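As structure tokens, the structure follows; a few thoughts come after it.
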Amino acid sequence: MPASRASRASHPLSRPRYRRWVSLLSALLVSGISACGGGGDTPTPPVPTPGTLSVGVSSFPASVVAGGQATAGVTITRGGSFTGAVTLATEGVPAGVTASLSTTSLAAGATTATLTVQVGGTVAAGNYPITVRATGSGVSAATAQFTLVVTAATTPSFSLTAAPSAVSVVAGQQGTSTITLARSGGFTGNLQLVAEGAPTGVTPSFSVTPVTGTSSVLTLAVGAATAPGTYPITVRGTGTGVTERTVSVTLTVTASAPTPTLTVASAASTASVAQGQSSTGIALTLTREGGLTGNATMALEGAPTGVTGVFTPNPATGTTSSLVLSVGAAVAPGTYPLTVRGTVGTTTGTAAIALTVTAAAAGNFSLALAPTAATVTAGGNTSPVVSITRTGGFTGTVNLTATGAPAGVSVNFTPAAATGAQATMNVSTTAGVAPGAYPITVRGNATGIAEQTVSFTLTVQSGGGGGSGNVVWQFCADNRIPIWFAYRDGTSGAWTRVLPGANNTYAFTLNESRGGVTIVSDNGGADFDVATYYLSRTELTAIAADECDNNPITKTLTGTVAGLAAGQTATIGVGSGTGTAAANGPFTVSNVSDGVVDLLAARGTTNIGTFSTEPDRFILRRNLNLPNNGVIPTLDFASAEAFAPASATYTFGNVSGATLSVVTGFSTANGSAGFFSFGPLFGGSESRTIFGVPSALTQAGDLHYVLANALSGTDNVRQVAGYNRTLANRTLTLGPVLSSPTVSTVASAPYRRARATGSWQAEYNQGVGVSFTQSNGASRTWSITSSTGYAAGATYDLEVPDLSGVAGFNATWGLLPGAATEWALSASRVDNSPFGAAVEDFRFFAASRLGTLP
């Protein structure tokens, strides 16, 4: 068919300048066709069809849960003359959502791709349109749109990420990666982390696990011998009610630094020590090279039986240590080659010392007293210290006795058979001892050695205030000595001032079965404490007799702790004093009860986040009596002296949602020997693991005590405590909330007289006390203590007494008029014990209420 007019008009050869060429070409075509035997009209060539492109998305789910993912198929269709490559892309993807294609470029002939949509856990529920665009060369772009319907996650879950996800560490060093935890779907629980796949020589650890927060630091400690290479480490997280998740950390180990070395040098290559004696400290110098770091554990090798060495410090944290050699009395004289070895990890260094043991001089000992004289009030006591110095290789027992004590004066020694360097001379008097000075001779005897003696002078004075009485109250601690003291015979009699006698003793007579005592203490400056006791005569007599036991003279001791690893701390309890050490080295314990005490030290790792410490080693030493500023021998938790603690589970009843804190302690026949906080200090479960001394190491008089405090709101505290020698699973039940008292002001001049009244509560029906405190500028505290033995009724009445007319009383010691006054009232009960005595199965119950008087 001939071409249309429109076709001719659009063809370039239809233009006038080319018409003659058209005619010529037509003639040639006709003649050529005729020559080939053809004939008829000339055929018209086909017109090319334009290219087309379309795209479609199929099989995408109706909805996707936040935190989940979905896939869909993407199909393109080429049409017309288009057969080329196609580029795919996504548009309109919302924040928190990733849309990834299995390929973004479809080659000629390829028609399908897979679209994966990952929805973040924090993406809000809703409808989100997403477009898939397809483009190709020479064709119009094609699009397909689908709707991503996000629904809120309903399944608790979490995810793990690692930053960095690749860690490079030199052999012998360590590296870290922070593992971040993202909880979703309402999950809030703890997560336990473990690291898997670590090669030999690599030790993984976490800064915290289980994880209560959002991150934990993974530390990969690489041993020096670990082979260089790349190691995949899998961190696995598990929790209750959620599916476990993993994240990978790639560890690359590179060759270690130059070989580390340790050089140990001794300031002396020889030492000479007599039998039964010890050397002075031999200075040791430690040099670390080749990148070597860490504490050096010191050891003595080659020593014969009877020769020991003590290093201070050990381990050596710095570049020096000191060695003291001790030679037993039975070691044969001669020269012994010794080796001092220092070890840091697997690196060691040595130094040689030649020890020459010489024959000991004849054994002997001597006695000394401190003090050599003391003055007491009749009925009082004193406890000088006997020091025993052994010489000439003598190491035996010294038996102590005393002669010359008059009637009414008793003397004994703790211990009477002294094997150590000290003993306590216990001197007690009765109220009937006649005043006077009495010489007493202390005698020491040991097998094969002549008796040794030392003299002591005891001066006895009459009762306090120049008189006597059936109540004798002596103050021993300096901070307890009163500036004013008075008593009242009965419940309504007049108050009478008592002047002090010798040794801060106050004596008076109570004819009635009940009475009162008021004591004023000066806290320095313009601060005063006043304490009033309304008790039975029996109770007042007991409190007076226990004053020096409950508030003794104290001293300060020092020492050195060893055997602590990084992150560990030590708590050292000595008598009434407690000290701590956060690293190997020195520590100080203050407020240690004077006289014979016991020591309990604990090593543990503290978690600051939970205020918890879990101990792993204890050291227990008994019958210590060091002088003030004395030195406690090194406490080495890595030595054989240390032992693993016992443990038991205590369950606390009637917590009722209160904030629970639990502390533990250990007391002996020599008084307190430690006060510790193990496990979570605050909050946590109503069941706690309690740590203490194994039963095999306890003795008569030992008691573990466990004290639980429950705080409700800001004004309500309850307590329960239990005392038992042996740790075992037990339940301690808190009492009910204490009823609120009625608190008022009785008078405002010449000082504020506050009052608290209420009814005895059956659960707390033995003792009650209130303290009124003012802390605006000058500090004032007036505390009042009473008991059912005094109240003798269903109610209690704790009133600040009117002492304005009593001789010597200064009204400025009292509560200031018009000043805001905080009050705290506590009531208590004890079970299975006489008044004030802690014995087996002793139980203590108390509750408090707090408030303010305007």
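Using the charge dipole of the chain (Lys, Arg: +1 at Cβ; Asp, Glu: -1 at Cβ; taken about the Cα centre), state which of Tyr751, Ser828, Gly126 has its Cα farthest towards the positive end. Checking the options against the dipole of the chain, the answer is Gly126. The simple Förster model, with R0 at 30 Å and r as the Cβ-Cβ distance, assigns Ser804 and Gln761 a FRET efficiency of 0.35. Accessible surface of segment 685-836, 1.4 Å probe: 50 percent of it comes from carbon and sulfur atoms.
The long axis of helix 537-550 is offset from the longest Cα principal axis of the chain by roughly 70 degrees.
Among the protein heavy atoms of segment 182-339, carbon and sulfur supply 55% of the accessible surface, probe 1.4 Å, non-protein parts ignored.
As a length-normalised measure over Cα pairs under 8 Å and 6 or more apart, the relative contact order of segment 279-322 settles at 52 percent. Going by the alpha-carbon gyration tensor, a ≥ b ≥ c the square roots of its eigenvalues, is segment 74-210 rounded (a/c under 1.5) or, if a/c is not under 1.5, prolate (a/b greater than b/c) versus oblate? Because a/c hits 1.5 or more and a/b fails to exceed b/c, segment 74-210 counts as oblate. Taking 0.36 nm per residue of sequence separation and removing the Cα-Cα distance, the Ser647/Ala124 pair yields an extension gain of 183.4 nm. Using C-alpha pairs under 8 Å with a sequence gap of at least 6, the mean separation divided by the residue count of the chain gives a relative contact order of 6 percent. The modelled label-to-label distance between Thr293 and Ala669, using points 7 Å beyond Cα along the C-beta direction, is 5.1 nm.
In the context of the full set of protein chains, segment 37-177 has a per residue accessible area of 52 Å² (1.4 Å probe). Between segment 742-779 and segment 500-550, the C-alpha centres lie 19 angstrom from each other. For segment 526-602, the carbon plus sulfur part of the accessible surface works out to 49%, probe radius 1.4 Å. Separation of segment 390-454 from segment 176-225 is 63 Å, based on Cα centroids.
On C-alpha positions alone, give me the angle between the axis of helix 19-35 and the longest principal axis of the chain, in degrees, nearest 10. So the inclination is approximately 70 degrees.
So for the chain: antiparallel DSSP bridges make up what percent, rounded to the nearest 5?
DSSP beta bridges in the chain are roughly 90 percent antiparallel.
Take segment 205-263 with all the other protein chains still there, run a 1.4 Å probe, and you get 50 Å² of accessible area per residue. Using R0 = 51 Å, the C-beta based FRET efficiency linking Gln145 and Thr176 works out to 0.65.
Rolling a 1.4 Å probe over the protein chains gives Leu284 an accessible area of about 0 Å². For segment 491-563, the list of GluC sites (Glu not before Pro) that fall in a loop by DSSP and count at most 14 other C-beta atoms within 10 angstrom reads Glu512. For segment 658-669, the Karplus equation 6.51 cos²θ - 1.76 cosθ + 1.60, evaluated at θ = phi - 60°, returns couplings of 6, 6, 9, 10, 10, 10, 10, x, 9, 10, 10, 4 Hz by residue, with Gly and Pro reported as x.
The string of couplings for segment 69-75 from the Karplus curve (6.51, -1.76, 1.60, θ = phi - 60°) is 8, 8, 10, 8, x, 10, 10 Hz, one whole number per residue in order, with x for Gly and Pro. Stretched out straight at 0.36 nm per residue, the stretch from Thr238 to Asn729 would grow longer than its current Cα-Cα span by 173.8 nm. Placing a pseudo-label 7 Å from each Cα along the Cα-to-Cβ vector at Thr250 and Thr348 gives an inter-label distance of 4.1 nm. If you plug the beta carbon distance of Thr580 and Thr83 into 1/(1 + (r/R0)^6) with R0 = 51 Å, you get a FRET efficiency near 0.05.
Here segment 102-143 is scanned for amide nitrogen atoms under 14 Å from the site 7 Å beyond the Cα of Ser58 along Cα-to-Cβ, giving 111-115.
Between the labelled values (i) 256; (ii) 200; (iii) 303, the entry that holds volume of the Cα convex hull per residue in Å³ as derived from this structure is (iii). Where in segment 66-102 does the label zone of Ser137 land, with the point 7 angstrom along Cα→C-beta and an amide N cut-off under 18 Å? Hits in segment 66-102 for Ser137 at 18 Å: 78-88. You can think of it this way: the chain between Val208 and Thr742 has 187.4 nm of extra reach, that is 0.36 nm per residue less the Cα-Cα gap. 3J(HN,Hα) along segment 316-323, derived from phi through the Karplus expression 6.51 cos²θ - 1.76 cosθ + 1.60 where θ = phi - 60°, amounts to 8, 7, x, 9, 9, 8, 10, 10 Hz, with x in place of Gly and Pro.
The distance between label points at Ala792 and Ser656 comes to 3.4 nm (points 7 Å beyond Cα on the Cα→Cβ vector).
The values are calculated or read from the model by the stated rules, or taken from the named source; none is laboratory data. Every value quoted in this text rests on a predicted model; they were computed, and no experiment measured them. Cβ atoms come from the backbone with ideal geometry, glycine included; neighbour counts cover every protein chain shown. Please note that ligands, DNA and RNA were not included when accessible areas were found on the heavy atoms of the full protein model with its side chains. Shrake-Rupley method; radii C 1.70, N 1.55, O 1.52, S 1.80 Å.
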